[in-house]
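Have a look at the structure below before the remarks.
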Amino acid sequence: MNLQNFATSEPQLLSRTSFLSADRLSLEGSVMTDDFDAALIKFLRNGDASRPALLDMTNVSYVDIAALSNMIATLSQRCDLGCTTHLAYPAEKSVRDFLATWRFPDALTRATLRPFEEILLPEDCHYMAEDQTTYSGTGDGLSKLEFDADWHPTSLTRRNFFEFLSFADGDSKISPTQHSSIPREEGRSWARPLVSQILKKHLKGEKSRSDIARVIIYESLSNAVRHPKANLIQVVSRFSRSAKSKDKKTLRICVWDNGESIIKTLRNALDNEAGIRSFILPQYMGERIRVDISKWGGKSKTYHISQTEEIPSDATDARLLVASLFPGVTSTRLSEVPPVDPFDGLSSTCSTGEEVGLKLEKAPGMGLYALMRTALDQFQGSLFIRSGMHNLKIRVAHDAYRVVDSVRYKCKITEYPPEVPTFKGNLLVIKLPLREIP
Amino acid sequence: MHLKSLIIKMGTAGISPVKSEEIALHDQVAKYLMGHSGIIKNDTQYTIPINYNEAVHEVSVLGSKVLSQLRKFNRSIPLYDRVAVVDFTSNPFFILREPLLLALANGMLESIKDSTCQNFILVTPKMPGDEGAFVEKLGHMTQLAGAMKYSIYLVSANGGVKHFSHNQEPVLSKEDALIELFQEVQGDPLQKLEAKCVRRLGHFRKTSVQGNVKCRQFSYIMHDCNEELLHLLEQWWSELPDSIGAIVYDLGNNHEFKEAVLTHASKKEILAERIDDVLKNEDLAHSMVGDKRVVLIVDVVDSGETLQYYLSKLKVAGLKIHDKALTAINKGGHKTTLLAGQISVDGLVARDSDVVMDWCPQCGLDLVPTSEIAEDFLMLRTYDFFFMLEKVGWEAEPVTEIPQNGGEGYERVPNFTKMLEEFGDWIAFKLYNAISTRNVPDNWFVLQPEEAASSALSVRLNECMPEELTVVRVPRSVIDEAQLTGNVWSDLLVKHQSSEWANQLRSMSNAGALVLDIFNGSDSTCRSLKALLIQVELWFFSYACLVDFNPSIERQHGSEPVSNRISLHDWHCPREFRGCS
């Protein structure tokens, strides 16, 4: 950063030129999560992590919502650490309109607790007053969902169905006691007839679209609200239909929470000698997964694991991350693990209905598994999880892997370099393929 | 055949009596699927509640509750004759979490293994996905159940059936006959829509497209009726000619209807655009010009002035407008009206015309205009309260409803029964809005005295709720007994242990009560019911009433005011001061 600008007696406004190339997270063209990570790593390798940074979106022509969630998490963490970050807004109007319509500035403010105008470069602040012209709300049903031309600040519905939603403790609408209502109420929104019709029209295959609300939305949010210390949850989604995006044609749903990492939560449970398997699985649930693990930019090693395998107490973080998707894995385990399926032979050991009830209570750990089954097997989509020092991508294995390796799922785990700080919270991205519509 | 009807109510705190039509439906479905022609016995009395906390944190409780009910089958009944119908259809599909259904599967598996019950009919609003964890588990029941026999029908309300049994691969079918059975129980969409079309009071000021400012006292809002509107729209559309190719609409104040129209347009793959956009955007207008005709849809028609204005402008833009328009609400008392011979208007519901006012008294009083789309105020405006009062009049407080432990009866109170008949939809809607602003617990229910007006209020309130609310009504005579003993409930609970209200309270745990009454004079009814809650180890989260005659925090005799109060109108005339002259 050029410090001479700050040596004069009169304070000079920050601008793009105030930042050297090494002090920028430069994003160009079509930006996905990996592109943001690459820019972040380059910045971190070029100097002290705490130095002021410019997140430069000037030349961005398209930005994925998962990348935006990633940016929000990263900037929020930098704020926590007292590191200054500024943002250079995109030169392309359609991108600025996208950010406005998806309410990215609000989302960033909610996560960082800083006014957006403080983060945005002063020379770009005038963009906040410009009219949005890309989304008119005319056209097909999807266009209507993306922008409601009748919307008013007193409306009870969202202007853009897919826009960033932030649920925070202390919200006037959501109290701590109502945190658990978030999955239900958001599931209700996704179950409405217009959204259901749009899903039916655009999603590939003939499968039960109602499971998007019931399983994907509900379980992803249900998981997020239960992460320890999560006092902010953000949800955002988007139908990507653009030819110039790297998204291909997908529906993406992102859920980010600022709570404790899934990996750390499971690690704590393992360290407490409680174990994380709530019960031993029946054989049919023993799907095999091919896991390719690599360090960032490095070669990968391949492992084959089964969902029914015992998770050792010295399991690596990568192992724990993939195990979080297994059925019956949870940080809130039963105090004793029955030797077989937990409900087997209950009648011989319990003489009253109440005893049966006690035994049957609290067999958690199926939420993320149910989500994975629906997203991957039912809709042929994929899951991405960013947590701790890793990211994970998983999808159904294609024919070659299925035949050669006898695996049902294919998973890639990447470990970030040590200079990257532990990711704040957990980011879950569900990607579902869309059909071609003439 | 012996049936157990396990009617699952998600999001409810306690049990409620089952409806005879639900039992009859289960009997018919069982007969149809299992080919039974003889007598069916079914002694089910109550529903099975799963509260929201259980649905998220204790999913296995569904399995244990189902198993517990099945264990009530008389052991003398042969195993092959026992059938369990697990009915989820009174819940929205999205709320049936996969882990919850897996817990149900676990309960069924236990029941099969220990020979409690081997025949199941599971009824859901929609069919869960084939590759999902639940259907996968049903597909592996043979492997899990060992050598035990079983038969499980998974049925959706739209007629889909999957049959899993010990001696064959899963069988899929579509049974149209079942669709008709379910539709009979689900109720008439038009009746449901009528109940959700709320007439609001306020000061509604609107500028017409011609620039005229008009004030109205009534406005209508349709809430939570997307499905009903879509059904009725599709029904209406089915009678239109094939020459219809697009829709233009003005539905800015009726989001529910707009969603229904857009859903229908998407299904039909036809254009649907706002009238405003079409008139401002030549390209858009041009896209609608052609051989096909365009249907006009609006939210309300009264004089027809606005509709005719739109008609003339759209014709100038080149659109061929169909001679039948649709509106959600047709004022003037008739569902179909003819406007100046040009266009007929069909309404989904009919309502009275607005009163034509030369002069608006509310403008004269400088009352600010109220919103068309949302409730601005948590309480009733004084203007609206006295308007209602003028309509319904006064009456003496019924003697049987006067609390035993303090104060005299009111010589005159508003005729609340009439007020609820005339304005109950809006009063309940306002109360629902007011309650929603509080920290409403996930697991809550209504506790109230069993009195005509109070009961009518809770019935109306339930119409506003997304999921059914458990309402516990305690007879006034029992509350009187408690008040005469200083609100000691222990003996009374024993004395009335087989009563419905006591059964309901026993069925609940970790639930918060909203104590609901029509008016409050002395806090005494609320205090009595709070004492009851303590006795049954449930908790109090709020007190709500239509009118609070005792809103002041000052109390005589050192009594503490009831905290967490909601009232729609306050009027200081506490019961304990009655008789002071």
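What the table below lists for this structure:
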quantity	calculated
Residues of the range B:56-83 that turn out to be over 12 Å from B:LEU104 (Cβ atoms) and within 7 Å of chain A (Cβ to nearest Cβ), as a count	4
Among residues of the range B:75-87, those that are surrounded by fewer than 24 Cβ atoms within 10 Å (Cβ to Cβ) and either under 20 Å from B:GLU136 (Cβ atoms) or among the polar types (S, T, N, Q) (or both), counted	1
Hits in the range A:196-232 (condition: within 20 Å of A:LEU428 (Cβ to Cβ) and without any contact (Cβ under 8 Å) to a residue 12 or more places away in the chain)	A:ARG226
Enumeration of residues in the range B:515-544 that are within 18 Å of B:GLU450 (Cβ to Cβ), surrounded by fewer than 24 Cβ atoms within 10 Å (Cβ to Cβ) and small (Gly, Ala, Ser)	B:SER524, B:ALA531
Which numbered condition B:VAL472 misses (of (1) surrounded by fewer than 23 Cβ atoms within 10 Å (Cβ to Cβ); (2) in contact with a helix residue (DSSP H, G or I) (Cβ under 6 Å, 6 or more places away or on another chain))	(1)
Tally, over the range A:396-437, of residues that are open to solvent by 20 Å² or more (accessible area, probe 1.4 Å) and not in a helix (DSSP H, G or I)	16
Test: B:PHE120 is more than 13 Å from B:SER156 (Cα to Cα), more than 7 Å from every other protein chain (Cβ to nearest Cβ) and of a type in the set (Phe, Trp, Tyr)	yes
Qualifying residue in the range A:163-181 (condition: more than 8 Å from chain B (Cβ to nearest Cβ), assigned to a loop (DSSP other than H, G, I, E, B) and at pLDDT 95 or above)	yes
Check on A:ILE216, surrounded by 18 or more Cβ atoms within 10 Å (Cβ to Cβ), modelled with pLDDT of 85 or more and assigned to a strand (DSSP E or B)	no
Residue list for the range B:322-366, restricted to those being without any contact (Cβ under 8 Å) to a residue 60 or more places away in the chain, under 24 Å from B:ARG274 (Cβ atoms) and not small (Gly, Ala, Ser)	B:ASP323, B:THR327, B:ASN330, B:LYS331, B:THR337, B:LEU339, B:GLN342, B:ILE343, B:VAL345
Among (1) buried (at least 22 other Cβ atoms within 10 Å of the Cβ); (2) over 19 Å from the mean Cα position of the chain (by Cα) - the single one A:LEU203 does not satisfy	(1)
Test: residue in the range B:498-505 that is of a type in the set (A, V, I, L, M) and either under 24 Å from B:LEU380 (Cβ atoms) or open to solvent by 30 Å² or more (accessible area, probe 1.4 Å) (or both)	no
Options B:PRO17, B:PRO92; residue that is under 18 Å from B:LEU122 (Cα atoms) and of a type outside the set (A, V, I, L, M, F, W, C)	B:PRO92
Verdict on B:VAL547 being open to solvent by less than 10 Å² (accessible area, probe 1.4 Å), in contact with a His (Cβ under 7 Å, 6 or more places away or on another chain) and outside any helix (DSSP H, G or I)	yes
Selection status of A:PRO193, without any contact (Cβ under 8 Å) to a residue 40 or more places away in the chain and at the interface with chain B (Cβ under 7 Å from one of its Cβ atoms)	yes
First in the range B:129-140 and more than 7 Å from chain A (Cβ to nearest Cβ), second anywhere and open to solvent by 20 Å² or more (accessible area, probe 1.4 Å), Cβ under 6 Å, 6 or more apart	B:GLY139/B:PRO170
Positions within the range B:56-88 being assigned to a helix (DSSP H, G or I) and of a type outside the set (Gly, Ala, Ser), in sequence order	B:VAL56, B:HIS57, B:VAL61, B:LEU62, B:LYS65, B:VAL66, B:LEU67, B:GLN69, B:LEU70, B:LEU79, B:TYR80, B:ASP81
Which numbered condition B:ASN53 fails, given (1) assigned to a helix (DSSP H, G or I); (2) open to solvent by less than 10 Å² (accessible area, probe 1.4 Å)	(2)
Whichever residue in the range B:384-394 is open to solvent by less than 70 Å² (accessible area, probe 1.4 Å) and out of contact with any Phe, Trp or Tyr (no Cβ under 7 Å at 6 or more places or on another chain) and, among such residues, is nearest to B:GLU422 (Cα to Cα)	B:VAL392
Spans of helices (runs of 4 or more DSSP H) in the range B:270-318 with at least 2 residues under 36 Å from the mean Cα position of the chain (by Cα), touching a residue at least 60 places away in the same chain (Cβ under 8 Å) and crowded, with 20+ Cβ neighbours inside 10 Å	none
Residue in the range B:135-145 that is part of a strand (DSSP E or B) and basic (Lys, Arg) present	no
Test result for B:GLU259, among the charged types (D, E, K, R) and not in a helix (DSSP H, G or I)	no
Qualifying residue in the range B:167-186 (condition: hydroxyl-bearing (Ser, Thr, Tyr), within 13 Å of chain A (Cβ to nearest Cβ) and open to solvent by less than 50 Å² (accessible area, probe 1.4 Å))	no
Residue in the range B:395-418 that is open to solvent by less than 40 Å² (accessible area, probe 1.4 Å) and within 25 Å of B:MET222 (Cβ to Cβ) present	no
Whichever residue in the range A:365-395 is polar (S, T, N, Q) and not in a strand (DSSP E or B) and, among such residues, is farthest from the chain's Cα centre (by Cα)	A:GLN378
Matching helices (runs of 4 or more DSSP H) fully within the range A:61-155 where at least 3 residues are open to solvent by 30 Å² or more (accessible area, probe 1.4 Å) and more than 14 Å from chain B (Cβ to nearest Cβ)	A:65-80, A:93-101, A:104-112
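Residues are listed down the side, and each one gets a yes or a no for (1) modelled with pLDDT of 90 or more; (2) in a loop (DSSP other than H, G, I, E, B); (3) buried (at least 22 other Cβ atoms within 10 Å of the Cβ):
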position	(1), (2), (3)
B:TYR432	yes, no, no
B:ARG438	no, yes, no
B:SER454	yes, no, yes
B:LEU457	yes, no, yes
B:GLU468	no, yes, no
B:VAL478	yes, no, no
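The values are calculated or read from the model by the stated rules, or taken from the named source; none is laboratory data. Quick caveat, the model's predicted, so the values are computed rather than measured. Every residue, glycine among them, receives a Cβ derived from its backbone with ideal geometry; neighbour counts consider all protein chains shown. All accessible areas refer to the heavy atoms of the entire protein, side chains included, with ligands and DNA or RNA removed. Shrake-Rupley method; radii C 1.70, N 1.55, O 1.52, S 1.80 Å.
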